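Enquirer: Here's a structure for you.
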Amino acid sequence: MFSEDVIQQFGQQETPFYHYNLALLKKTLSACTQAAARYDFHVHYALKANFNPRVLEMIMQWGIGADCVSGNEVQKAAEVGFDRNKIVFAGVGKSDKEINQAIDLDIFCFNVESIQELTVIDSLAAAKGKKVRVAIRINPNVDAHTHHNITTGLEENKFGINSWELTDCIHVIQECDHVELVGIHFHVGSQITDMTVFKSLCVKVNEIHQWFEEHGFNLKVLNVGGGLGIDYHQPDEQPIADFESYFAVFNQFLERKPGQEVHFELGRALVAQSGNLVSRVLYVKHGIKKNFLILDAGMTELMRPMLYQAYHKIENLSKSESDFDAVKYDVVGPICESTDCFGKEVDLPVSERGDLIAIRTAGAYGEVMASGYNLRDTIRHFYTE
Ligand SMILES: *Cc1c(COP(=O)(O)O)cnc(C)c1O
C-alpha cells in the first residue's frame, strides 16, 4: 500500500525504477535479528538476492554476516564493511582467482561443494602458507516442495557433496594440511513456506552431524542455509516473513552441542518485500481475445516471471480499484521477446497511457538479474525512509 504522498513522488520520477522502502527493510531486519537472538542463532545475508549499496549498508549495520557466491560478492561484502569473520563463500564453481581473493581477505569460511574443490583450496592455501576454514556443503536429499527451478537439495541437483561421498571426503580432509573443517553446510531451496521442510532438514542435519561425531570431528558450526519464503500474494497484509516460526522449528528440532554455532543464510526473506518495480503504461492494446498493457519496464528490469513463472502482484497506482470495473490485461514489457510478460489475465481497473504501475515484492532476485538486452538504460532507483 502506497500513501498518496509516495504515489505523487513516484509520478515525478522517470520510469521504470526500483523503489526501495528502507523503513520496511529496517522493520524486517529488526524482526529477524530479534527472533534469531532468542536462540543465539547467527544470520548471514545472501548478497545475491540484492546488492544495492543502500540495502547492503543497512543490512551490514544490523550486525548480520554475508553469504557470498562469487569472488566479487566476497569483495563487495568486505568493501561495504561486513565483518570478515562473518563472510562465507559458497558456490559449485569457484575459480582459482576467486578462491585466492577470498583467502587473501581472510574470510570466515569456504562452503565447499565437491571433493575436488577441497584439494584445490588446500593447494592454493598451501601456496600462500595459510590455513583456511571450510565447511562441507552436503546435499541432504530433502525436497523443498517449491518450484523445480529453485530446488537445490536433491540428489539430481548440482549442488553439494552427496552423503555416500562423505567417507572419501573426510579422508581427503585428513590429508589436507591447509584446510580446517569447521562445519557442515546445507541449503535446500528457496521460497519455502512449509515449515515441515525445515523440520525434515533438521532430521537430516542431526543424522549427518552424528556421523561426523562418530568419526571424531567436533564441528564448530552447523549452517542450515536459507530459503525462508515470503507472501507474494499479500505484500501489504504480510510484509514481514514469519521469522518466529522459522527459527522456532530449528530450535525445536536441531540437535546442538554446547558451544556450537548455528548459522542461517537468508536472502529473499530479508529484502523481497522492501522492493517494488515502478513503471508506466506506454500503450493499451486491444487484441482479438486479449487486452494488453504495454509497460516501459520489461524482463530486462525484472526477470523472475519469465525465468520461473514467478507471480508478482501488479497494481495500478493511478486508479483506485473501487472506482472502475475490472478488466483483464496481459501485462507485458517492451522487449522483443514473447516471453516478456509480467502476468496474464491480470484484473486491473481500466488503465490508460501514463498510469503508474507497481510490480510488488521485487526486492529479491529482481534488480540483481537486470540485463542490458536491447541496450536498455541502467536501473534507476527511488528510496523512501
Ligand atoms: C541463494 C542462497 C541462499 C539464500 O536463499 P534465499 O532463498 O534467498 O533465502 C542461501 N545460501 C546459499 C548457498 C544460496 O545459494
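Enquirer: Check whether at least one residue in the range 86-100 is assigned to a helix (DSSP H, G or I) and within 25 Å of LYS27 (Cα to Cα), and report yes or no.
Expert: So far as the range 86-100 goes, yes, one or more of its residues are assigned to a helix (DSSP H, G or I) and within 25 Å of LYS27 (Cα to Cα).
Enquirer: Of the conditions (1) within 19 Å of the chain's Cα centre (by Cα); (2) in a loop (DSSP other than H, G, I, E, B); (3) surrounded by fewer than 24 Cβ atoms within 10 Å (Cβ to Cβ), PHE247 clears all except one; give me its number.
Expert: (2)
Enquirer: Please indicate, with yes or no, whether at least one residue in the range 93-104 is within 24 Å of PHE212 (Cβ to Cβ) and open to solvent by 10 Å² or more (accessible area, probe 1.4 Å).
Expert: yes
Enquirer: OK, next. Which of the residues belonging to the range 236-266 are within 10 Å of the ligand (Cβ to nearest atom) and either among the aliphatic types (A, V, I, L, M) or touching a Phe, Trp or Tyr at 6+ places or on another chain (Cβ under 7 Å) (or both)?
Expert: Scanning the range 236-266 gives ALA241, PHE264, LEU266.
Enquirer: For the range 77-94, how many residues are of a type in the set (Gly, Ala, Ser) and over 18 Å from VAL55 (Cβ atoms)?
Expert: Within the range 77-94, residues that are of a type in the set (Gly, Ala, Ser) and over 18 Å from VAL55 (Cβ atoms) number 3.
Enquirer: Look through the range 288-312, keep the residues that are aliphatic (A, V, I, L, M) and under 18 Å from the mean Cα position of the chain (by Cα), and return whichever of them is surrounded by the fewest Cβ atoms within 10 Å (Cβ to Cβ).
Expert: LEU307
Enquirer: When the residues of the range 174-204 are narrowed to those that are farther than 30 Å from VAL120 by Cβ and within 13 Å of the ligand (Cβ to nearest atom), which ends up surrounded by the fewest Cβ atoms within 10 Å (Cβ to Cβ)?
Expert: The extreme case among them is THR193.
Enquirer: State yes or no: is GLU213 surrounded by fewer than 18 Cβ atoms within 10 Å (Cβ to Cβ), part of a strand (DSSP E or B) and more than 16 Å from the ligand (Cβ to nearest atom)?
Expert: no
Enquirer: Something else now. Quick check, is ILE230 under 25 Å from TYR383 (Cβ atoms), open to solvent by 50 Å² or more (accessible area, probe 1.4 Å), modelled with pLDDT of 95 or more and within 16 Å of the ligand (Cβ to nearest atom)?
Expert: When the stated conditions are applied, ILE230 does not pass them.
Enquirer: Report every pair of residues separated by at least 6 positions or lying on different chains whose Cβ atoms are under 6 Å apart, first residue within the range 288-306 and free of Cβ contacts under 8 Å to residues at least 40 places away in the same chain, second part of a loop (DSSP other than H, G, I, E, B).
Expert: Here the result reads MET306/MET299; MET306/THR339, each pair linking the range 288-306 to a residue that is part of a loop (DSSP other than H, G, I, E, B).
Enquirer: Filter the range 368-385 down to residues that are more than 19 Å from GLU73 (Cβ to Cβ), open to solvent by less than 60 Å² (accessible area, probe 1.4 Å) and in a helix (DSSP H, G or I), then give me how many there are.
Expert: Number satisfying all stated conditions: 0.
The values are calculated or read from the model by the stated rules, or taken from the named source; none is laboratory data. A quick note: this is a predicted structure, and the numbers were derived from the prediction, not measured. Backbone-built Cβ (ideal geometry, glycine too); neighbour counts: all protein chains shown. Only protein heavy atoms, including side chains, enter the accessible area calculation; ligands, DNA and RNA are left aside. Shrake-Rupley method; radii C 1.70, N 1.55, O 1.52, S 1.80 Å.
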